[in-house]
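Worksheet: the structure to be examined is printed underneath.
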Amino acid sequence: MTGGGSGYHGRVMHRRRFLALAGAAGAAGAAGLAGTVASRAEAAENPTIVAARGPGDIDQASFPQRGHHRVIWSVAVTDPVAAITFDDGPDPAYTPRILEALDAAGVHATFFMMGHCVQRWPDLAREVVARGHEIANHTWTHLNLSFESPERTEEEMVRGTQLIEDTLGVRCRYFRPPRGQLTGSTIRYAADLGQDTVIWSVTRGVHGTGTPEAVASHVRRFLGPGDVLILHDGVGRAYFDPDAPFAQVNRDRREVEVRALPQMLEEAADRGLILGTVSDVLAVEAPGRPQPEPEP
Amino acid sequence: MSAPAATTGGAGPAAATTQVETGRLGRVLSLDAARGLAIVILLLAMHAGPRGALPEQLKHPEWHGLTFADLFFPLFLFAVGAALPFSHRASSFGGVLRRAAVLTAIGIALVSARNLTLVIPGVLQHIALAYVLAWLVLKLPRRVQVGLCVAAVAGYWLAFLAVAGPGEDPWGRSGTFAHVVNTWLFGGFRTEGLPQTVISTVNVLAGAFVTQLILRVPDRRAVLRKVAVWCGVLVAAGLLMALWVPVNKKIWSPSYTVLTAGTSLFWFALAFWAIDIKGWRRITQPLVHLGTNAIAVYVLVMAAMAAIPPFRGPLDDAAHAVLPPAVVTWIWALTWLVGGWLLCRALYNRRIFIKV
Ligand SMILES: [Zn+2]
């Protein structure tokens, strides 16, 4: 049992210890480390990397004035809160079971919905809202935006936002690009839409289909305060090519994640880790660089 | 934070021209209107930020370039300068320093409150220092004043060239003269930094020169002709300089300095023509209201906006649920503007001019 079982004690120390354990586990060759987690674990083990990431000579004032809209992988927090997020849905095959599990655990999550799915299953999407979860933008049709023009990118992002906001009557505060593919255009249009771009710091971790136990175990070991966990309640591009081999892989992987969810929620609660929406985590963000004055 | 003192019949930089008779011309309302116009655009542009759906021309360029919004902070500085020759309080250096100190203190308090830590540079600080520097220059003989402006622009230009290493862009996003000085002083680049403030004194002086012209030349049409000529000369010079020096507000580049001195003359000439020659007073009255308490309304709006974020989210959500984003942005921006105007009108009608 690495990292599990202990409650949330000292804020900084606990996080360091947790990350160090994660790093040790990574070095020991545990399967399926997500790149972001591995690099964070390295950072925790190697203080010079951390030191090198202190305030540098970055000239902040010469960047575009887009307020505090930013790209978030994880959040420096003052309380033991982590974000749990679901991408690509809603989908009747997965979302209802996820809602049940979340309800049973008393947890609210952020759902990065595809405009396409909201249009296709509007009542299900409304049900997600009705249960108090947070809704965010995951584009219209889940194209890999690395290969799309700025115009197409904008259309995907704006249309996704519109379908969600018009159908559900909520405002999208966050955006997540499909596959986490950050491009210049996605960052720019997200800021224009007033959405923070939220990537993730912890994934299911297990390559291939895996088992619910393996996925839950990975999350137990790597998910700590301030992390953003990505899971799925839909299949992304597979909606447009349901017979492709990757579509079946996607469906199998989603099924495993859904089955792993109750155990993940229970283990997080046992460790004293509070799961919530992206907004919940940002609400306990440690003070960072505040806003400059508007330029006259 | 020291509160601005409300007095009647005061003659602060924001109010001087309504209070002081020039003798030959009566009040130069056009200066108030020009300052009011500057405040209108400044207040609107403050809302062009992240959620803003205002036109691109009301936003500042990301680095090089010129938008409509870029023309109005220089116009505000121009109006500060234009009030200088009228101002009783500007007759002693002690009065000037005291006013600049109060303005700086309010500015530091505002921007520090926003940042939860002590921050020295800021918009009001910029205005205050440029005001003091301009006052000092105006004590010199007139020929020297103009010569000093030309020398300052040339020197500023040379300083950028001197700081850039071989093959480096003297006007780039890092390592320029403005970056080096501001980083040394404040730990990083600042848009309201010291080099930019010093060179923008030229914009303040341009306003003072125009007032001197008005005081010297009795015929309004002759004034207008001269102003129009100088407007043309400065705009042409600024554009010519732009062949070598990018127009850039954030580093207050030499071409930006000269060009906006010219455009400020244009806005002033427009107001002068409409008000002091054509006599269109009713339609320009709201600008005069805003112009006579310009600093006060700017400070109040800045302070209120700094205090509002905790309430803004729910308000925004409610508004966005029923209205398109562009409409919400305009309502938000215009609410501040109209609110500021109503306040200024009430003050104006009671002859209250808040001076700092
Ligand atoms: Zn996705």
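Annotations
- Residue in the range A:123-136 that is within 12 Å of the ligand (Cβ to nearest atom) and either touching a residue at least 12 places away in the same chain (Cβ under 8 Å) or not in a loop (DSSP other than H, G, I, E, B) (or both) present: yes
- Residue in the range A:225-251 that is least open to solvent (accessible area, probe 1.4 Å), counting only those that are charged (D, E, K, R) and more than 14 Å from A:ASP91 (Cα to Cα): A:ASP227
- In the range A:84-122, the qualifying residues are those that are among the small types (Gly, Ala, Ser) and away from the ligand (no atom under 16 Å from the Cβ), and the one that is surrounded by the fewest Cβ atoms within 10 Å (Cβ to Cβ) is A:GLY106.
- Residues within the range B:113-126 that are more than 9 Å from chain A (Cβ to nearest Cβ), closer than 23 Å to B:TRP252 by Cβ and part of a helix (DSSP H, G or I), tallied: 2
- Consider the range A:172-182 and keep the residues that are surrounded by 19 or more Cβ atoms within 10 Å (Cβ to Cβ) and part of a loop (DSSP other than H, G, I, E, B). The one that is farthest from the ligand (Cβ to nearest atom) is A:ARG173.
- Filter result (modelled with pLDDT under 90 and of a type in the set (Lys, Arg)) within the range B:82-122: B:ARG89, B:ARG114
- Matching residues, the range B:243-263, being away from chain A (no Cβ under 14 Å) and open to solvent by less than 40 Å² (accessible area, probe 1.4 Å): B:VAL245, B:VAL247, B:PRO254, B:SER255, B:THR257, B:VAL258, B:LEU259, B:ALA261, B:GLY262, B:THR263
- The listed residue being within 30 Å of B:LEU342 (Cβ to Cβ) and within 20 Å of the chain's Cα centre (by Cα), out of B:ALA269, B:ALA208, B:ALA261: B:ALA269
- Within the range B:147-191, restricting attention to residues that are modelled with pLDDT of 90 or more and among the β-branched types (Val, Ile, Thr), the residue that is farthest from B:ILE251 (Cα to Cα) is B:VAL150.
- For the range B:183-204, a residue qualifies if it is in contact with an Asp or Glu (Cβ under 8 Å, 6 or more places away or on another chain) and β-branched (Val, Ile, Thr), and the qualifying residues are B:THR183, B:THR191.
- A single entry from A:VAL158, A:VAL219, A:VAL215, A:VAL206 fulfils the requirement of being within 14 Å of chain B (Cβ to nearest Cβ), among the β-branched types (Val, Ile, Thr) and either away from the ligand (no atom under 16 Å from the Cβ) or open to solvent by 50 Å² or more (accessible area, probe 1.4 Å) (or both): A:VAL158.
- A:ASN144 vs. criteria polar (S, T, N, Q), more than 14 Å from A:GLY89 (Cα to Cα) and within 15 Å of the ligand (Cβ to nearest atom): yes
- Residues (in contact with a Lys or Arg (Cβ under 7 Å, 6 or more places away or on another chain), hydrophobic (A, V, I, L, M, F, W, C) and either within 9 Å of chain A (Cβ to nearest Cβ) or closer than 30 Å to A:ARG188 by Cβ (or both)) located in the range B:62-84: B:TRP63, B:ALA69, B:PHE76
- The C-beta contact set for the range B:221-237 (first residue over 19 Å from B:SER30 (Cα atoms), second residue modelled with pLDDT of 95 or more, distance under 7 angstrom, 6+ apart or interchain) comprises B:LEU234/B:VAL258; B:LEU234/B:ALA261; B:LEU234/B:GLY262; B:LEU234/B:LEU265; B:VAL235/B:LEU259; B:VAL235/B:GLY262; B:VAL235/B:THR263; B:ALA237/B:VAL258.
- Among residues of the range B:11-49, those that are at pLDDT 60 or above, closer than 19 Å to B:TYR131 by Cβ and part of a loop (DSSP other than H, G, I, E, B), counted: 1
The values are calculated or read from the model by the stated rules, or taken from the named source; none is laboratory data. Keep in mind the model is a prediction, meaning the values are calculated, not measured. Reconstructed Cβ throughout: ideal geometry from the backbone, glycine too, with neighbour counts over all protein chains shown. Surface accessibility is based on the protein's heavy atoms, side chains included, excluding ligands, DNA and RNA. Shrake-Rupley method; radii C 1.70, N 1.55, O 1.52, S 1.80 Å.
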